[in-house]
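K.L.:
First the structure, which I've put down as C-alpha coordinates, then a few questions once you've had a look.
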Amino acid sequence: MSTKIAAEVNKRRTFAVVAHPDAGKTTLTEKLLLFGGAIQVAGAVKSNKIKKSTTSDFMEIEKQRGISVATSVMGFEYRDRQINILDTPGHKDFAEDTYRTLTAVDSVIVVIDVAKGVEEQTERLVEVCRMRDTPVMVFINKLDRVGKDGMDLLDEIEEKLKLNVCPLSWPVGMGPDFKGVYNIYEKQLNLFAPGTKYGDLTALEDLDDPVLDKLVGEDYAEELREEANMVMEVYPDFDREAYLKGQLSPVFFGSAVNNFGVKELLDCFVEVAPTPTGFHTEERDIEPLEPKFTGFVFKIHANMDPRHRDRIAFMRVCSGVFERNTNYLHVRKNKKMKFSNPTTFMASKKEVVEQAYPGDIVGLYDSGNFKIGDGLTEGETLHFKGIPSFSPELFRYIENANPMKSKQLAKGIDQLMDEGVAQIFTKTSNNRKIIGTVGQLQFDVLQYRLEHEYGASCRYEPVQLHKACWIEAEEEEQLKEFLRKKAQFIAKDKEGRYVYLAESKWMLSTAQQDYPKIKFHFKSDF
Ligand code: GDP
(Lines give C-alpha, C1' and ligand atoms only; values in the text may rest on other atoms or scores of the structure.)
Protein backbone atom coordinates (compact mmCIF):
# COMPACT_ATOMS: atom_id res chain seq x y z
CA MET A 1 0.00 0.00 0.00
CA SER A 2 2.76 2.45 0.87
CA THR A 3 4.20 2.31 -2.67
CA LYS A 4 0.73 3.11 -3.93
CA ILE A 5 0.55 6.08 -1.53
CA ALA A 6 4.00 7.22 -2.68
CA ALA A 7 2.95 7.08 -6.32
CA GLU A 8 -0.21 9.05 -5.62
CA VAL A 9 1.62 11.60 -3.48
CA ASN A 10 4.20 12.12 -6.21
CA LYS A 11 1.48 12.91 -8.69
CA ARG A 12 -0.15 15.61 -6.62
CA ARG A 13 0.35 19.35 -6.59
CA THR A 14 -1.98 21.23 -4.27
CA PHE A 15 -1.79 25.00 -4.35
CA ALA A 16 -3.67 28.29 -4.27
CA VAL A 17 -3.57 31.27 -6.60
CA VAL A 18 -3.63 34.47 -4.57
CA ALA A 19 -3.72 38.11 -5.58
CA HIS A 20 -4.99 41.52 -4.75
CA PRO A 21 -8.48 41.83 -6.28
CA ASP A 22 -8.37 42.53 -10.01
CA ALA A 23 -4.80 41.42 -10.59
CA GLY A 24 -6.04 38.45 -12.61
CA LYS A 25 -6.44 35.52 -10.22
CA THR A 26 -9.69 34.29 -11.77
CA THR A 27 -8.40 34.71 -15.30
CA LEU A 28 -5.17 32.85 -14.58
CA THR A 29 -7.01 30.04 -12.77
CA GLU A 30 -9.29 29.66 -15.73
CA LYS A 31 -6.39 29.46 -18.18
CA LEU A 32 -4.72 26.83 -16.04
CA LEU A 33 -7.93 24.81 -16.12
CA LEU A 34 -8.15 25.23 -19.89
CA PHE A 35 -4.66 23.81 -20.27
CA GLY A 36 -5.63 20.91 -18.09
CA GLY A 37 -8.65 20.30 -20.29
CA ALA A 38 -10.76 20.62 -17.16
CA ILE A 39 -12.98 23.21 -18.79
CA GLN A 40 -13.61 23.80 -22.46
CA VAL A 41 -14.47 27.45 -22.70
CA ALA A 42 -13.34 30.69 -21.19
CA GLY A 43 -15.84 32.19 -18.78
CA ALA A 44 -16.56 28.89 -17.06
CA VAL A 45 -14.85 29.94 -13.86
CA LYS A 46 -16.97 32.45 -12.04
CA SER A 47 -15.22 35.22 -10.30
CA ASN A 48 -16.19 35.12 -6.65
CA LYS A 49 -15.39 38.70 -6.06
CA ILE A 50 -18.02 41.03 -4.77
CA LYS A 51 -18.04 44.20 -6.71
CA LYS A 52 -20.51 46.25 -4.76
CA SER A 53 -19.63 45.03 -1.29
CA THR A 54 -23.23 44.91 -0.17
CA THR A 55 -24.57 42.10 1.96
CA SER A 56 -27.20 41.07 -0.53
CA ASP A 57 -24.61 40.82 -3.29
CA PHE A 58 -22.48 38.75 -1.07
CA MET A 59 -25.31 36.48 0.00
CA GLU A 60 -26.36 36.02 -3.59
CA ILE A 61 -22.88 34.90 -4.52
CA GLU A 62 -22.64 32.70 -1.47
CA LYS A 63 -25.93 31.07 -2.32
CA GLN A 64 -24.72 30.24 -5.78
CA ARG A 65 -21.43 29.04 -4.42
CA GLY A 66 -23.15 27.08 -1.70
CA ILE A 67 -24.99 25.17 -4.35
CA SER A 68 -22.05 24.70 -6.67
CA VAL A 69 -19.33 24.29 -4.09
CA ALA A 70 -17.24 22.85 -6.89
CA THR A 71 -15.60 26.23 -7.23
CA SER A 72 -13.94 25.82 -3.85
CA VAL A 73 -11.47 23.29 -5.18
CA MET A 74 -10.66 22.75 -8.80
CA GLY A 75 -8.85 19.60 -9.72
CA PHE A 76 -7.47 18.58 -13.07
CA GLU A 77 -4.82 16.38 -14.61
CA TYR A 78 -1.92 17.80 -16.52
CA ARG A 79 1.06 15.80 -17.78
CA ASP A 80 0.23 12.89 -15.48
CA ARG A 81 -0.01 15.12 -12.47
CA GLN A 82 -3.08 15.62 -10.36
CA ILE A 83 -3.36 19.37 -9.82
CA ASN A 84 -5.61 20.72 -7.05
CA ILE A 85 -6.21 24.47 -7.11
CA LEU A 86 -7.85 25.83 -3.99
CA ASP A 87 -10.02 28.85 -4.54
CA THR A 88 -9.74 31.80 -2.19
CA PRO A 89 -12.28 34.56 -1.64
CA GLY A 90 -11.75 37.65 -3.68
CA HIS A 91 -12.99 40.10 -1.08
CA LYS A 92 -10.58 41.53 1.43
CA ASP A 93 -13.14 41.33 4.24
CA PHE A 94 -12.82 37.59 3.98
CA ALA A 95 -9.05 37.53 4.07
CA GLU A 96 -9.14 35.18 7.04
CA ASP A 97 -10.80 32.58 4.90
CA THR A 98 -7.89 32.88 2.52
CA TYR A 99 -5.35 32.60 5.33
CA ARG A 100 -6.96 29.38 6.46
CA THR A 101 -6.98 28.01 2.94
CA LEU A 102 -3.26 28.74 2.78
CA THR A 103 -2.73 26.28 5.63
CA ALA A 104 -4.05 23.50 3.41
CA VAL A 105 -1.83 24.06 0.35
CA ASP A 106 1.73 23.05 -0.39
CA SER A 107 2.58 26.07 -2.51
CA VAL A 108 1.22 29.31 -3.86
CA ILE A 109 1.20 31.29 -7.11
CA VAL A 110 0.98 35.03 -6.56
CA VAL A 111 -0.41 37.17 -9.38
CA ILE A 112 0.79 40.76 -9.63
CA ASP A 113 -0.56 43.43 -11.95
CA VAL A 114 2.36 44.88 -13.92
CA ALA A 115 0.94 48.39 -13.67
CA LYS A 116 -0.10 48.35 -10.03
CA GLY A 117 2.84 46.39 -8.69
CA VAL A 118 2.69 44.94 -5.20
CA GLU A 119 -0.64 45.85 -3.59
CA GLU A 120 -1.77 45.76 0.00
CA GLN A 121 -3.64 42.49 -0.05
CA THR A 122 -0.72 40.77 -1.79
CA GLU A 123 1.56 41.87 1.02
CA ARG A 124 -0.64 40.34 3.69
CA LEU A 125 -1.14 37.11 1.82
CA VAL A 126 2.54 36.63 1.16
CA GLU A 127 3.26 37.41 4.79
CA VAL A 128 1.13 34.40 5.72
CA CYS A 129 3.09 32.30 3.20
CA ARG A 130 6.37 33.47 4.68
CA MET A 131 5.23 32.59 8.19
CA ARG A 132 4.80 29.03 7.00
CA ASP A 133 7.75 28.96 4.55
CA THR A 134 5.32 28.10 1.76
CA PRO A 135 7.04 28.04 -1.65
CA VAL A 136 5.86 30.96 -3.76
CA MET A 137 5.92 31.46 -7.53
CA VAL A 138 5.18 34.89 -8.98
CA PHE A 139 3.27 35.64 -12.18
CA ILE A 140 3.47 39.24 -13.33
CA ASN A 141 0.33 39.78 -15.33
CA LYS A 142 -1.10 42.17 -17.93
CA LEU A 143 2.08 42.76 -19.92
CA ASP A 144 -0.18 43.75 -22.80
CA ARG A 145 -0.68 46.97 -20.84
CA VAL A 146 1.86 49.62 -20.07
CA GLY A 147 3.20 49.05 -16.58
CA LYS A 148 6.21 49.33 -14.35
CA ASP A 149 9.72 48.57 -15.45
CA GLY A 150 10.63 44.89 -14.87
CA MET A 151 13.68 45.64 -12.73
CA ASP A 152 11.73 48.08 -10.57
CA LEU A 153 9.03 45.48 -10.08
CA LEU A 154 11.53 42.88 -8.95
CA ASP A 155 12.94 45.40 -6.47
CA GLU A 156 9.45 46.11 -5.22
CA ILE A 157 8.71 42.40 -4.78
CA GLU A 158 11.93 41.88 -2.85
CA GLU A 159 11.31 44.89 -0.69
CA LYS A 160 7.58 44.68 0.02
CA LEU A 161 7.03 40.94 -0.13
CA LYS A 162 10.46 40.10 1.28
CA LEU A 163 10.86 37.36 -1.30
CA ASN A 164 14.15 36.56 -2.96
CA VAL A 165 13.35 36.40 -6.63
CA CYS A 166 14.78 34.60 -9.58
CA PRO A 167 13.24 35.61 -12.92
CA LEU A 168 12.81 32.64 -15.22
CA SER A 169 11.53 34.71 -18.09
CA TRP A 170 11.97 38.29 -19.16
CA PRO A 171 9.55 40.51 -21.10
CA VAL A 172 10.38 42.21 -24.37
CA GLY A 173 8.56 45.52 -24.50
CA MET A 174 5.15 46.04 -22.95
CA GLY A 175 1.74 47.53 -23.64
CA PRO A 176 1.15 48.13 -27.35
CA ASP A 177 4.83 47.28 -27.91
CA PHE A 178 4.73 43.99 -26.04
CA LYS A 179 6.73 41.56 -28.20
CA GLY A 180 6.83 38.52 -25.98
CA VAL A 181 8.90 36.87 -23.28
CA TYR A 182 12.34 35.38 -23.38
CA ASN A 183 12.71 32.16 -21.44
CA ILE A 184 16.06 32.65 -19.75
CA TYR A 185 16.79 29.00 -19.04
CA GLU A 186 15.38 27.37 -22.12
CA LYS A 187 16.85 30.12 -24.30
CA GLN A 188 13.61 30.43 -26.12
CA LEU A 189 11.74 33.43 -27.35
CA ASN A 190 7.99 33.27 -27.15
CA LEU A 191 6.51 35.89 -29.43
CA PHE A 192 3.30 37.48 -28.27
CA ALA A 193 0.58 36.26 -30.59
CA PRO A 194 -2.80 37.05 -29.07
CA GLY A 195 -5.44 34.48 -29.82
CA THR A 196 -3.07 31.54 -30.20
CA LYS A 197 -2.86 28.81 -27.63
CA TYR A 198 0.84 28.96 -26.84
CA GLY A 199 2.23 32.05 -28.53
CA ASP A 200 4.92 31.58 -31.14
CA LEU A 201 8.07 29.81 -29.93
CA THR A 202 11.53 30.21 -31.40
CA ALA A 203 14.66 28.61 -29.99
CA LEU A 204 17.71 30.87 -29.97
CA GLU A 205 21.40 29.93 -29.79
CA ASP A 206 21.81 32.58 -27.17
CA LEU A 207 20.96 36.23 -26.77
CA ASP A 208 23.46 37.21 -29.49
CA ASP A 209 21.61 35.15 -32.05
CA PRO A 210 20.82 37.55 -34.96
CA VAL A 211 17.42 35.86 -35.34
CA LEU A 212 16.41 37.86 -32.27
CA ASP A 213 16.88 41.17 -34.17
CA LYS A 214 14.75 39.89 -37.00
CA LEU A 215 11.96 38.80 -34.71
CA VAL A 216 11.60 41.78 -32.42
CA GLY A 217 13.55 44.52 -34.20
CA GLU A 218 17.05 45.76 -33.38
CA ASP A 219 16.05 48.18 -30.65
CA TYR A 220 14.07 45.66 -28.65
CA ALA A 221 16.71 43.00 -29.25
CA GLU A 222 19.38 45.31 -27.82
CA GLU A 223 17.22 46.18 -24.86
CA LEU A 224 16.52 42.52 -24.13
CA ARG A 225 20.22 41.64 -24.34
CA GLU A 226 21.10 44.36 -21.92
CA GLU A 227 18.34 43.62 -19.46
CA ALA A 228 18.50 39.83 -19.58
CA ASN A 229 22.26 39.89 -19.08
CA MET A 230 21.83 42.16 -16.13
CA VAL A 231 19.11 39.97 -14.68
CA MET A 232 21.31 36.90 -15.03
CA GLU A 233 24.13 38.70 -13.27
CA VAL A 234 22.13 40.22 -10.45
CA TYR A 235 19.75 37.42 -9.58
CA PRO A 236 20.63 33.92 -8.41
CA ASP A 237 20.14 30.89 -10.63
CA PHE A 238 17.06 28.85 -9.95
CA ASP A 239 17.68 26.48 -7.08
CA ARG A 240 14.84 24.06 -6.44
CA GLU A 241 15.88 23.33 -2.86
CA ALA A 242 15.77 27.03 -2.01
CA TYR A 243 12.38 27.37 -3.71
CA LEU A 244 10.99 24.40 -1.78
CA LYS A 245 12.14 25.96 1.48
CA GLY A 246 10.33 29.16 0.57
CA GLN A 247 13.62 31.01 0.16
CA LEU A 248 13.59 31.69 -3.57
CA SER A 249 10.68 32.62 -5.80
CA PRO A 250 10.71 32.08 -9.56
CA VAL A 251 9.11 34.94 -11.48
CA PHE A 252 7.25 34.71 -14.80
CA PHE A 253 5.84 37.44 -17.00
CA GLY A 254 2.77 37.18 -19.20
CA SER A 255 -0.78 38.12 -19.95
CA ALA A 256 -3.35 35.77 -18.51
CA VAL A 257 -6.28 37.07 -20.51
CA ASN A 258 -4.30 36.46 -23.70
CA ASN A 259 -3.22 33.08 -22.45
CA PHE A 260 0.34 34.23 -22.82
CA GLY A 261 3.11 33.03 -20.54
CA VAL A 262 0.66 30.74 -18.74
CA LYS A 263 1.97 27.52 -20.24
CA GLU A 264 5.55 28.37 -19.23
CA LEU A 265 4.32 28.95 -15.71
CA LEU A 266 2.32 25.72 -15.60
CA ASP A 267 5.08 23.61 -17.14
CA CYS A 268 7.60 24.89 -14.65
CA PHE A 269 5.10 24.54 -11.83
CA VAL A 270 4.39 20.85 -12.45
CA GLU A 271 8.13 20.17 -12.63
CA VAL A 272 9.30 21.98 -9.53
CA ALA A 273 6.35 22.62 -7.21
CA PRO A 274 6.32 20.57 -4.02
CA THR A 275 4.44 17.30 -3.72
CA PRO A 276 2.22 17.08 -0.62
CA THR A 277 4.26 18.05 2.41
CA GLY A 278 4.14 17.15 6.07
CA PHE A 279 2.03 18.76 8.79
CA HIS A 280 2.67 19.72 12.39
CA THR A 281 0.51 18.63 15.24
CA GLU A 282 0.93 19.31 18.93
CA GLU A 283 1.85 15.69 19.49
CA ARG A 284 4.17 15.02 16.52
CA ASP A 285 4.90 15.80 12.89
CA ILE A 286 2.97 13.92 10.24
CA GLU A 287 4.58 12.72 7.02
CA PRO A 288 2.43 12.19 3.93
CA LEU A 289 3.72 8.68 3.33
CA GLU A 290 2.62 7.35 6.68
CA PRO A 291 0.28 4.42 6.07
CA LYS A 292 -2.41 5.66 8.44
CA PHE A 293 -4.87 8.29 7.39
CA THR A 294 -4.86 11.76 8.97
CA GLY A 295 -6.56 14.93 7.81
CA PHE A 296 -7.86 18.25 9.07
CA VAL A 297 -10.72 20.61 8.33
CA PHE A 298 -9.60 24.03 7.07
CA LYS A 299 -12.80 25.48 5.75
CA ILE A 300 -16.51 25.06 6.32
CA HIS A 301 -18.96 26.04 3.68
CA ALA A 302 -22.54 26.57 4.74
CA ASN A 303 -25.32 25.51 2.49
CA MET A 304 -27.46 28.59 2.34
CA ASP A 305 -30.52 26.77 1.15
CA PRO A 306 -32.68 26.62 4.29
CA ARG A 307 -34.23 23.34 3.15
CA HIS A 308 -30.83 21.65 3.13
CA ARG A 309 -29.00 22.84 6.16
CA ASP A 310 -25.98 20.61 5.73
CA ARG A 311 -22.66 22.27 5.66
CA ILE A 312 -19.62 21.04 3.84
CA ALA A 313 -16.42 20.70 5.78
CA PHE A 314 -13.36 20.79 3.54
CA MET A 315 -10.74 18.40 4.74
CA ARG A 316 -7.17 18.17 3.56
CA VAL A 317 -5.79 14.65 3.54
CA CYS A 318 -2.37 14.79 5.21
CA SER A 319 -1.27 11.16 5.29
CA GLY A 320 -2.38 7.66 4.36
CA VAL A 321 -5.54 6.91 2.46
CA PHE A 322 -8.96 8.29 3.29
CA GLU A 323 -11.73 5.82 2.46
CA ARG A 324 -15.44 6.14 2.11
CA ASN A 325 -17.66 4.46 4.73
CA THR A 326 -14.77 3.86 7.10
CA ASN A 327 -14.75 4.80 10.75
CA TYR A 328 -12.40 7.60 11.71
CA LEU A 329 -11.79 9.38 14.97
CA HIS A 330 -13.01 12.95 15.23
CA VAL A 331 -10.31 13.88 17.72
CA ARG A 332 -11.85 16.96 19.39
CA LYS A 333 -15.15 15.20 19.97
CA ASN A 334 -13.51 11.84 20.67
CA LYS A 335 -16.14 10.32 18.47
CA LYS A 336 -16.08 7.77 15.65
CA MET A 337 -17.49 9.01 12.37
CA LYS A 338 -17.83 7.60 8.89
CA PHE A 339 -18.75 9.33 5.70
CA SER A 340 -20.99 7.84 3.08
CA ASN A 341 -20.78 10.67 0.56
CA PRO A 342 -17.33 12.20 0.68
CA THR A 343 -16.94 14.43 -2.33
CA THR A 344 -14.04 15.49 -4.49
CA PHE A 345 -14.06 18.26 -6.96
CA MET A 346 -12.91 18.16 -10.53
CA ALA A 347 -13.24 21.64 -11.99
CA SER A 348 -16.89 21.95 -12.80
CA LYS A 349 -18.20 18.71 -11.38
CA LYS A 350 -18.14 17.05 -8.03
CA GLU A 351 -18.29 13.37 -7.38
CA VAL A 352 -18.39 10.89 -4.56
CA VAL A 353 -14.93 9.59 -3.88
CA GLU A 354 -13.97 6.10 -2.70
CA GLN A 355 -10.40 6.92 -1.76
CA ALA A 356 -8.42 10.10 -1.36
CA TYR A 357 -4.69 10.60 -0.95
CA PRO A 358 -2.42 13.16 0.71
CA GLY A 359 -2.82 16.51 -1.01
CA ASP A 360 -6.46 15.84 -1.87
CA ILE A 361 -9.29 17.94 -0.57
CA VAL A 362 -12.42 16.06 0.40
CA GLY A 363 -15.79 17.66 1.09
CA LEU A 364 -17.57 16.07 4.06
CA TYR A 365 -21.27 16.68 4.59
CA ASP A 366 -21.64 17.90 8.12
CA SER A 367 -24.58 18.69 10.32
CA GLY A 368 -22.61 20.73 12.82
CA ASN A 369 -19.90 18.39 14.07
CA PHE A 370 -16.90 20.17 12.68
CA LYS A 371 -15.10 23.34 13.31
CA ILE A 372 -12.05 24.75 11.65
CA GLY A 373 -8.87 22.97 12.64
CA ASP A 374 -10.55 19.68 13.59
CA GLY A 375 -8.52 16.57 12.92
CA LEU A 376 -9.57 13.12 11.75
CA THR A 377 -7.36 10.09 12.32
CA GLU A 378 -7.51 6.31 12.46
CA GLY A 379 -7.52 6.54 16.24
CA GLU A 380 -4.48 8.54 17.26
CA THR A 381 -5.01 11.73 19.25
CA LEU A 382 -3.47 14.48 17.14
CA HIS A 383 -4.18 18.20 17.35
CA PHE A 384 -3.26 20.09 14.22
CA LYS A 385 -1.24 23.24 14.59
CA GLY A 386 -1.02 26.31 12.50
CA ILE A 387 -4.57 27.26 11.70
CA PRO A 388 -4.39 30.66 13.21
CA SER A 389 -7.07 33.16 13.97
CA PHE A 390 -5.71 36.63 13.47
CA SER A 391 -6.26 39.36 15.94
CA PRO A 392 -9.33 41.14 14.54
CA GLU A 393 -9.43 44.82 13.75
CA LEU A 394 -13.10 45.75 13.99
CA PHE A 395 -15.26 45.22 17.05
CA ARG A 396 -18.88 45.51 18.11
CA TYR A 397 -20.96 44.36 21.00
CA ILE A 398 -23.54 41.86 19.89
CA GLU A 399 -26.93 41.89 21.63
CA ASN A 400 -30.02 39.76 21.35
CA ALA A 401 -32.74 41.69 19.55
CA ASN A 402 -35.46 39.11 20.15
CA PRO A 403 -35.60 37.66 23.67
CA MET A 404 -37.93 34.90 22.46
CA LYS A 405 -35.13 33.55 20.30
CA SER A 406 -32.17 33.54 22.63
CA LYS A 407 -31.53 29.81 22.19
CA GLN A 408 -31.47 30.18 18.42
CA LEU A 409 -29.11 33.10 18.72
CA ALA A 410 -26.73 31.19 20.96
CA LYS A 411 -26.73 28.21 18.62
CA GLY A 412 -26.28 30.38 15.55
CA ILE A 413 -23.40 32.29 17.03
CA ASP A 414 -21.78 29.09 18.18
CA GLN A 415 -21.96 27.41 14.78
CA LEU A 416 -21.06 30.45 12.75
CA MET A 417 -17.99 31.10 14.88
CA ASP A 418 -16.92 27.48 14.33
CA GLU A 419 -17.31 28.12 10.65
CA GLY A 420 -14.94 31.06 10.97
CA VAL A 421 -17.38 33.80 10.01
CA ALA A 422 -16.03 36.03 12.80
CA GLN A 423 -14.54 35.74 16.28
CA ILE A 424 -16.31 36.13 19.58
CA PHE A 425 -14.92 37.39 22.87
CA THR A 426 -16.80 37.31 26.15
CA LYS A 427 -15.82 40.00 28.66
CA THR A 428 -14.99 38.42 31.98
CA SER A 429 -16.24 41.41 33.97
CA ASN A 430 -19.82 41.46 32.70
CA ASN A 431 -20.24 38.61 30.22
CA ARG A 432 -20.98 40.98 27.34
CA LYS A 433 -20.13 39.50 23.99
CA ILE A 434 -17.97 41.24 21.45
CA ILE A 435 -17.70 40.23 17.80
CA GLY A 436 -14.34 40.83 16.17
CA THR A 437 -13.76 40.80 12.41
CA VAL A 438 -11.22 41.84 9.83
CA GLY A 439 -13.83 43.43 7.58
CA GLN A 440 -17.05 45.39 7.85
CA LEU A 441 -18.95 43.00 5.60
CA GLN A 442 -18.51 40.16 8.07
CA PHE A 443 -20.82 41.88 10.60
CA ASP A 444 -23.57 42.13 8.01
CA VAL A 445 -23.11 38.57 6.87
CA LEU A 446 -23.29 37.32 10.46
CA GLN A 447 -26.49 39.26 11.11
CA TYR A 448 -28.04 38.10 7.85
CA ARG A 449 -27.20 34.49 8.43
CA LEU A 450 -28.38 34.49 12.05
CA GLU A 451 -31.69 35.74 10.81
CA HIS A 452 -32.07 33.57 7.72
CA GLU A 453 -30.58 30.34 8.93
CA TYR A 454 -31.34 30.38 12.65
CA GLY A 455 -34.36 32.65 12.91
CA ALA A 456 -32.54 34.78 15.45
CA SER A 457 -31.99 38.48 15.38
CA CYS A 458 -29.09 40.44 16.72
CA ARG A 459 -28.21 44.06 17.12
CA TYR A 460 -24.76 45.63 17.30
CA GLU A 461 -23.52 48.34 19.59
CA PRO A 462 -20.33 50.26 19.16
CA VAL A 463 -17.30 49.46 21.26
CA GLN A 464 -14.11 51.44 21.17
CA LEU A 465 -11.32 48.95 20.74
CA HIS A 466 -8.05 48.95 18.89
CA LYS A 467 -6.94 45.31 19.12
CA ALA A 468 -7.67 42.07 20.86
CA CYS A 469 -4.62 40.00 21.66
CA TRP A 470 -4.12 36.68 23.32
CA ILE A 471 -2.11 36.87 26.53
CA GLU A 472 0.19 34.40 28.19
CA ALA A 473 2.65 34.50 31.07
CA GLU A 474 5.29 32.10 32.27
CA GLU A 475 4.16 32.35 35.85
CA GLU A 476 0.62 32.11 37.05
CA GLU A 477 1.15 35.04 39.44
CA GLN A 478 2.05 37.48 36.66
CA LEU A 479 -1.00 36.55 34.69
CA LYS A 480 -3.23 36.87 37.74
CA GLU A 481 -1.91 40.33 38.46
CA PHE A 482 -2.49 41.44 34.89
CA LEU A 483 -6.00 40.02 34.89
CA ARG A 484 -6.77 41.84 38.14
CA LYS A 485 -5.35 45.19 37.10
CA LYS A 486 -6.92 45.10 33.67
CA ALA A 487 -10.17 43.43 34.69
CA GLN A 488 -12.28 45.79 32.60
CA PHE A 489 -10.36 44.87 29.46
CA ILE A 490 -10.18 41.12 29.72
CA ALA A 491 -12.24 38.68 27.75
CA LYS A 492 -12.17 35.01 26.87
CA ASP A 493 -12.18 33.68 23.34
CA LYS A 494 -14.36 30.78 22.24
CA GLU A 495 -11.82 28.29 23.55
CA GLY A 496 -11.70 29.98 26.93
CA ARG A 497 -8.30 31.59 26.45
CA TYR A 498 -7.57 34.99 27.92
CA VAL A 499 -7.62 37.97 25.59
CA TYR A 500 -6.61 41.53 26.34
CA LEU A 501 -8.84 44.14 24.73
CA ALA A 502 -6.71 47.19 24.08
CA GLU A 503 -8.67 50.38 23.71
CA SER A 504 -5.97 52.17 21.79
CA LYS A 505 -2.55 51.68 20.32
CA TRP A 506 -1.19 53.67 23.22
CA MET A 507 -2.91 51.48 25.82
CA LEU A 508 -1.46 48.42 24.14
CA SER A 509 2.09 49.69 24.07
CA THR A 510 1.85 50.91 27.67
CA ALA A 511 0.59 47.50 28.74
CA GLN A 512 3.45 45.87 26.86
CA GLN A 513 5.96 48.15 28.60
CA ASP A 514 4.42 47.82 32.06
CA TYR A 515 4.17 44.05 31.88
CA PRO A 516 7.33 42.83 30.20
CA LYS A 517 6.69 39.29 31.41
CA ILE A 518 3.32 39.02 29.73
CA LYS A 519 3.38 37.82 26.15
CA PHE A 520 0.91 39.53 23.81
CA HIS A 521 0.05 37.40 20.78
CA PHE A 522 -1.51 38.75 17.61
CA LYS A 523 -2.50 35.40 16.26
CA SER A 524 -4.07 32.53 18.07
CA ASP A 525 -1.53 29.77 17.39
CA PHE A 526 1.24 30.62 19.80
P1 GDP B 1 -9.14 38.75 -9.89
O2 GDP B 1 -9.92 39.76 -9.12
O3 GDP B 1 -7.71 38.74 -9.44
O4 GDP B 1 -9.76 37.39 -9.92
O5 GDP B 1 -9.06 39.31 -11.38
P6 GDP B 1 -9.79 38.84 -12.72
O7 GDP B 1 -9.18 37.60 -13.23
O8 GDP B 1 -11.24 38.89 -12.54
O9 GDP B 1 -9.30 40.02 -13.69
C10 GDP B 1 -9.60 41.37 -13.42
C11 GDP B 1 -9.68 42.11 -14.73
O12 GDP B 1 -8.42 42.13 -15.37
C13 GDP B 1 -10.66 41.46 -15.72
O14 GDP B 1 -11.33 42.47 -16.38
C15 GDP B 1 -9.74 40.70 -16.66
O16 GDP B 1 -10.27 40.55 -17.94
C17 GDP B 1 -8.52 41.60 -16.69
N18 GDP B 1 -7.30 40.89 -17.03
C19 GDP B 1 -6.88 39.69 -16.57
N20 GDP B 1 -5.71 39.36 -17.16
C21 GDP B 1 -5.39 40.36 -17.98
C22 GDP B 1 -4.30 40.59 -18.88
O23 GDP B 1 -3.38 39.79 -19.05
N24 GDP B 1 -4.32 41.76 -19.58
C25 GDP B 1 -5.31 42.69 -19.46
N26 GDP B 1 -5.25 43.77 -20.18
N27 GDP B 1 -6.36 42.48 -18.64
C28 GDP B 1 -6.40 41.34 -17.90
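The values are calculated or read from the model by the stated rules, or taken from the named source; none is laboratory data. The model shown is predicted, which means the values in this text are computed figures rather than measured ones. Don't worry about glycine lacking a Cβ; one is built from the backbone with ideal geometry, like all the others, and counts go over all protein chains shown.
K.L.:
Can you list the strands (runs of 3 or more DSSP E) lying wholly within the range 79-167 that have 1 or more residues being out of contact with any Lys or Arg (no Cβ under 8 Å at 6 or more places or on another chain) and within 16 Å of the ligand (Cβ to nearest atom)?
P.N.:
81-86, 107-113, 136-141
K.L.:
Within the range 127-150, can you find the residues that are of a type in the set (A, V, I, L, M) and surrounded by 15 or more Cβ atoms within 10 Å (Cβ to Cβ)?
P.N.:
128, 131, 136, 137, 138, 140, 143 - these are the residues of the range 127-150 that are of a type in the set (A, V, I, L, M) and surrounded by 15 or more Cβ atoms within 10 Å (Cβ to Cβ).
K.L.:
Say we look at the range 269-290 and pick out the residues that are touching a His at 6+ places or on another chain (Cβ under 8 Å) and of a type outside the set (S, T, N, Q); which of these is nearest to the ligand (Cβ to nearest atom)?
P.N.:
So, considering only residues that are touching a His at 6+ places or on another chain (Cβ under 8 Å) and of a type outside the set (S, T, N, Q), the one nearest to the ligand (Cβ to nearest atom) is 286.
K.L.:
On to the next question. Check 420, 496 and return the single one that is outside any helix (DSSP H, G or I), modelled with pLDDT under 90, on the phi > 0 side of the Ramachandran plot and in the same structural domain as residue 399 (by TED's automatic domain parsing).
P.N.:
Among 420, 496, only 420 is outside any helix (DSSP H, G or I), modelled with pLDDT under 90, on the phi > 0 side of the Ramachandran plot and in the same structural domain as residue 399 (by TED's automatic domain parsing).
K.L.:
Could you list, in sequence order, the residues of the range 420-452 that are of a type in the set (D, E, K, R) and over 12 Å from residue 494 (Cβ atoms)?
P.N.:
Of everything in the range 420-452, those that are of a type in the set (D, E, K, R) and over 12 Å from residue 494 (Cβ atoms) turn out to be 427, 432, 444, 449, 451.
K.L.:
Looking only at the range 500-514, decide whether some residue is under 31 Å from the mean Cα position of the chain (by Cα), among the charged types (D, E, K, R) and assigned to a helix (DSSP H, G or I).
P.N.:
yes
K.L.:
I would also like to ask the following. Just give me the residues in the range 239-269 being surrounded by fewer than 18 Cβ atoms within 10 Å (Cβ to Cβ) and modelled with pLDDT of 95 or more, in sequence order.
P.N.:
239, 240, 241, 242, 245, 247
K.L.:
Looking at 38, 42, 70, which is the one that is more than 16 Å from the ligand (Cβ to nearest atom), modelled with pLDDT under 90 and within 30 Å of residue 145 (Cβ to Cβ)?
P.N.:
Selected residue: 38, the only one of 38, 42, 70 that is more than 16 Å from the ligand (Cβ to nearest atom), modelled with pLDDT under 90 and within 30 Å of residue 145 (Cβ to Cβ).
K.L.:
Cβ-Cβ under 6 Å, sequence separation 6+ or interchain: first residue in the range 316-345 and among the acidic types (Asp, Glu), partner in a strand (DSSP E or B). Which pairs?
P.N.:
Here the result reads 323/355, each pair linking the range 316-345 to a residue that is in a strand (DSSP E or B).
K.L.:
Assess whether residue 103 counts as being among the hydroxyl-bearing types (Ser, Thr, Tyr) and touching a Pro at 6+ places or on another chain (Cβ under 9 Å).
P.N.:
When the stated conditions are applied, residue 103 passes them.
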